[in-house]
1. Can you tell me how many residues within the stretch 32-49 are in a loop (DSSP other than H, G, I, E, B) and either in contact with a strand residue (DSSP E or B) (Cβ under 8 Å, 6 or more places away or on another chain) or surrounded by fewer than 20 Cβ atoms within 10 Å (Cβ to Cβ) (or both)?
2. Give the residues of the stretch 50-69 that are touching a residue at least 12 places away in the same chain (Cβ under 8 Å), part of a loop (DSSP other than H, G, I, E, B) and closer than 13 Å to residue 11 by Cα, sorted by residue number.
3. Consider only pairs whose beta carbons are under 8 Å apart and that are at least six residues apart or on different chains; among these, list those whose first residue lies in the stretch 70-85 and is closer than 17 Å to residue 17 by Cα and whose second residue is surrounded by 19 or more Cβ atoms within 10 Å (Cβ to Cβ) and modelled with pLDDT under 85.
4. Tell me the residue from 133, 113 that is at pLDDT 95 or above and in contact with a helix residue (DSSP H, G or I) (Cβ under 7 Å, 6 or more places away or on another chain), please.
5. Here's a check for you: in the stretch 1-28, which residue that is within 9 Å of the chain's Cα centre (by Cα) and assigned to a loop (DSSP other than H, G, I, E, B) is nearest to residue 94 (Cα to Cα)?
6. Quick one: is residue 52 surrounded by 14 or more Cβ atoms within 10 Å (Cβ to Cβ), over 19 Å from residue 4 (Cα atoms) and either modelled with pLDDT of 95 or more or touching a strand residue (DSSP E or B) at 6+ places or on another chain (Cβ under 6 Å) (or both)?
7. Taking residue 24 as meeting all but one of (1) closer than 17 Å to residue 129 by Cα; (2) at pLDDT below 95, write down the number of the exception.
8. With the structure loaded, tell me whether residue 109 is assigned to a loop (DSSP other than H, G, I, E, B) and at positive phi or whether it fails that test.
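The values are calculated or read from the model by the stated rules, or taken from the named source; none is laboratory data. Predicted model, so just to flag it, every value in this text is computed and none were measured. Note: ideal-geometry Cβ built from the backbone for every residue, glycine included; neighbour counts use all protein chains shown.
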């Protein structure tokens, strides 16, 4: 099964979702990309994923353009921006779905507060993707 997780910057939410989905089933082919990819993966996303035993430090943002001609079982958008501006795939996409999450990189405040927002969104991503995996992919 081949899955693309799509976000705007591909630096945070989509990277965390990618890490979780791959951890649920290493046999899945999981990719993530952005409609406007950032220069690197958000370091706080790397940190909070490491706290739950998933290493995404080797990930890097990709452009959705790299994947437009591919065949996908699922294309999953994880932010409103990517959902609204999701490009037309010339390859075959069997299922397209949206699982939306707040952007923790928008959090403003103390270091402790910002980190708590990353953890909250991480846990939300884990729960929703675990449910999705059990109900659609397993």
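1. 6
2. 56, 57, 59, 60, 61, 62 - these are the residues of the stretch 50-69 that are touching a residue at least 12 places away in the same chain (Cβ under 8 Å), part of a loop (DSSP other than H, G, I, E, B) and closer than 13 Å to residue 11 by Cα.
3. Matching pairs, first to second residue: 77/83.
4. 133
5. Going through the qualifying residues, I end up with 10.
6. Yes; evaluated as a whole, the condition is true for this residue.
7. (2)
8. Yes, satisfied.
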